[in-house]
Every structure is written in C-alpha cells, then in structure tokens.
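*Asks:* My questions all concern the structure below.
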Amino acid sequence: MMKIIQTPDALKAALQNESGTVGFVPTMGALHSGHRTLIERSRRENDVVVVSIFVNPTQFLEGEDLGSYPRRKEADEKICELSKVDYLFYPEAASMYARDEAGITAPDVRGYILEGRSRPGHFDGVLTVVMKLLNIVNPTRAYFGKKDAQQLMLISEMVRSFFMDVEIVAMDTVREDDGLALSSRNVYLSSEERKEALKISFSLKRAGKLIMQNIKASDRIMAEIHAILEPLEVEYVAVVNRRFEPIEHVEIDNTIILVEAVVGKTRLLDNIWI
Ligand code: PAF
C-alpha cells in the first residue's frame, strides 16, 4: 500500500524503518510516460521506491509559469499507485525552505550557458532542491531523464563534487509516436503549436542523419537545425561534449546536440546524445 507523506521529518522517519536499496524519482508532478519509465526502472532495481512531487518555487524565475504549472494530484497519485511506488512525498514549500538559508550555486560557466542563460539562477534552484531531496531520502539510486540534459549533468557533477553516496541513473527521453519529446509543459500547446513543435525533434533527427553520413562539423549541423526550426523563436542550438563544453566537431559517444525553442509561449527543450 503506497504511503503519502508530506513532511521531510515524516519521510525520514518512515525510511528509517525500511531495509534494502532505495530508488528515488524526483518530479514536479503532471506525470507522463517519461516519468513512468523512470519509476518502473526504479521499481525493478530497488527494494523501496520513493517518488517526490514538488513544484519547486526556487527554480522558477520571476514571471515564469510557477502559478500555472500543471498540477494533477489525483492522476499523479493513481500513476504512482499503479507503478507500485512505496512512498509518495508531497511536501509544501514551507516544509522545504526556511528564510535566509544556505543554498547551492550552479557552476559559474556551465550553470549559466544554454538553459542557464535563458533562465539565469534556474539551476541554483534545481541543485538546491535536489540536494535537499537527496538528503531527505538518502537513496541508493536517483533517476533522471536525459531530456533535461544540462540539469542531469549539473546534478551528476554536484553529487561528485560533494562526495555524495548516490548513483545517478540517466534514462532516454520518451517521445510521442510522431517524435515530440514528452514534457509536462506540452499541455500548454494548442494543436497548431503542437505541429510547429515537431520541427524540434525533426531537426535533431536530421542532425543524427547528417552524422551518419559522416558530416560532423558543428557549424554545418547547427545551420541545418536552424533552417528546419524556421520561423520558431530559437533560444539556442548547441553542440557540446558530455561536460557541456562546446565542440567544433561531433565526437561519437561524447556529444549532445541541444535545442531550445519557444512555441507560442511555451519553451521546449530537446536533445540527442551521439
Ligand atoms: O526535472 C524536474 O522535474 C525538476 O527540475 C526536479 C529535478 C524534480 C527538481 O525540482
């Protein structure tokens, strides 16, 4: 029977009575199949599974969609229950944050390029809440999607930098049949915008094809992606290595190609790992 827990202290106390490995899937709710694959893998690999749902205010900038971010409490609970989650952690912001407290800052360079440039300070909020959540749950493994590639890299590096004892498990992006990467924010798209949004995954697929034809110059690949994305508002197109350093040529098994574009009012991210 899944237990729903609302405070950090109560979750810590409950987990103290558990034995074996703990798998943790941190989320902001509005769960979709991408989250489900994380939860299912966590279920297969661990004795105890914890999912958190917390729309973390500190990772939203002034004027962003904190107030309107999709909240689907009942549906999310059902998904977790059906996926055999043991603990669903549903904290209020007041139990997660105090006033004038310490926090984690993202790296000066790699926390402030790409997504961090579009949303300065966003990754400080992400790293701070993930540090808090990992300290509360103390999991053996924590599961994240590759769709938020920069977030995944920064969390993996934070875990290394702070000598934390958790394995970060990265999982492939889950897509609709037509290629659109699943995101809780896709619900903002009108049917017309949804069609436009397909340009993003299509452009990345095209990049993959160019690389298969041995075209590896980053400039050439980025130009092709930009041409396909027209007339969307493009925040960035980038070719980086796994450490998020820009590279001039694609390196097999060490490259991520990333796109962020705004469709209507919705900011959409996608990437492919080469
Ligand atoms: O990717 C997300 O849903 C969030 O950024 C995370 C990791 C749960 C932190 O709030």
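The values are calculated or read from the model by the stated rules, or taken from the named source; none is laboratory data. Note that the structure is predicted; figures quoted are calculated from it, not measured. A quick note on method: Cβ atoms are made from the backbone with ideal geometry, for glycine too, and the neighbour counts reach across all protein chains shown.
*Asks:* With at pLDDT 95 or above and in a loop (DSSP other than H, G, I, E, B) as the only criterion, which of 165, 219, 124 stands out? Don't jump to the end; show me each part of the working.
*Replies:* Values: 219 fails: in a loop (DSSP other than H, G, I, E, B); 124 fails: in a loop (DSSP other than H, G, I, E, B).
Being at pLDDT 95 or above and in a loop (DSSP other than H, G, I, E, B) holds for just one of 165, 219, 124, which is 165.
*Asks:* Considering every residue within the stretch 92-113, establish whether at least one is under 17 Å from the mean Cα position of the chain (by Cα) and of a type in the set (S, T, N, Q). Even if it seems obvious, please write down each step before you answer.
*Replies:* Restricting attention to the stretch 92-113, the residues satisfying the condition of being under 17 Å from the mean Cα position of the chain (by Cα) are 106, 110-113.
Right, trim to of a type in the set (S, T, N, Q) and you get none.
The answer is no, given that none of the residues of the stretch 92-113 is under 17 Å from the mean Cα position of the chain (by Cα) and of a type in the set (S, T, N, Q).
*Asks:* Looking only at the stretch 168-195, filter to residues that are in a loop (DSSP other than H, G, I, E, B) and charged (D, E, K, R); which one of those is farthest from residue 142 (Cα to Cα)? Give the steps one after another, and end with the answer.
*Replies:* Taking the stretch 168-195 first, the residues in a loop (DSSP other than H, G, I, E, B) are 172-174, 176-180, 182-183, 189-190.
Those still in the list that are charged (D, E, K, R) too: 172, 176-178.
Working: 172: 14, 176: 24, 177: 27, 178: 29 Å.
Among residues in the stretch 168-195 that are in a loop (DSSP other than H, G, I, E, B) and charged (D, E, K, R), the one farthest from residue 142 (Cα to Cα) is 178.
*Asks:* Next question, about the same structure. Just the residues that are at positive phi and more than 10 Å from the ligand (Cβ to nearest atom), please, taken from the stretch 9-40. Even if it seems obvious, please write down each step before you answer.
*Replies:* Within the stretch 9-40, the first condition is being at positive phi, and the residues that meet it are 20, 29-30.
Hit for the stretch 9-40 is 20, nothing else.
*Asks:* Among the listed residues 157, 230, which satisfies the condition of being under 25 Å from residue 113 (Cβ atoms), crowded, with 17+ Cβ neighbours inside 10 Å and of a type in the set (Asp, Glu)?
*Replies:* Values: 230 fails: crowded, with 17+ Cβ neighbours inside 10 Å.
Only one candidate passes the filter, namely 157.
*Asks:* What are the pairs with Cβ atoms under 8 angstrom where one residue, in the stretch 181-198, is of a type in the set (Lys, Arg) and the other, located anywhere, is assigned to a helix (DSSP H, G or I)? Sequence gap at least six, or different chains.
*Replies:* 194/186
*Asks:* So the check is Cβ under 7 Å with 6+ separation or different chains; which pairs have a first residue in the stretch 7-28 that's aromatic (Phe, Trp, Tyr) and a second one that's part of a loop (DSSP other than H, G, I, E, B) and buried (at least 16 other Cβ atoms within 10 Å of the Cβ)?
*Replies:* Once the first residue is aromatic (Phe, Trp, Tyr) and sits in the stretch 7-28, its partners that are part of a loop (DSSP other than H, G, I, E, B) and buried (at least 16 other Cβ atoms within 10 Å of the Cβ) give 24/139.
*Asks:* What are the residues in the stretch 47-63 that are part of a loop (DSSP other than H, G, I, E, B) and within 9 Å of the ligand (Cβ to nearest atom), if any? Write out each step before concluding.
*Replies:* First pass over the stretch 47-63, keeping only residues part of a loop (DSSP other than H, G, I, E, B): 47, 54-56, 60-63.
Those that are part of a loop (DSSP other than H, G, I, E, B) and within 9 Å of the ligand (Cβ to nearest atom): 54, 55, 56.
*Asks:* Filtering the stretch 75-105 down to residues that are farther than 30 Å from residue 161 by Cβ and among the aliphatic types (A, V, I, L, M), which residue is surrounded by the fewest Cβ atoms within 10 Å (Cβ to Cβ)?
*Replies:* Step by step, filter the stretch 75-105, then rank; the result is 82.
*Asks:* Next question. Name the pairs: first residue in the stretch 218-241 and free of Cβ contacts under 8 Å to residues at least 40 places away in the same chain, second residue of a type in the set (Ser, Thr, Tyr) and assigned to a helix (DSSP H, G or I), Cβ to Cβ under 6 Å, at least 6 apart or on different chains?
*Replies:* Pairs that qualify, where the first residue is free of Cβ contacts under 8 Å to residues at least 40 places away in the same chain and the partner is of a type in the set (Ser, Thr, Tyr) and assigned to a helix (DSSP H, G or I), are 225/203; 228/203; 229/203; 239/218.
*Asks:* Here's something else I'd like to know. Based on what the data block shows, is residue 10 outside any loop (DSSP other than H, G, I, E, B), small (Gly, Ala, Ser) and either under 26 Å from residue 140 (Cβ atoms) or in contact with a helix residue (DSSP H, G or I) (Cβ under 8 Å, 6 or more places away or on another chain) (or both)?
*Replies:* Working: outside any loop (DSSP other than H, G, I, E, B): yes; small (Gly, Ala, Ser): yes; either under 26 Å from residue 140 (Cβ atoms) or in contact with a helix residue (DSSP H, G or I) (Cβ under 8 Å, 6 or more places away or on another chain) (or both): yes.
Yes, satisfied.
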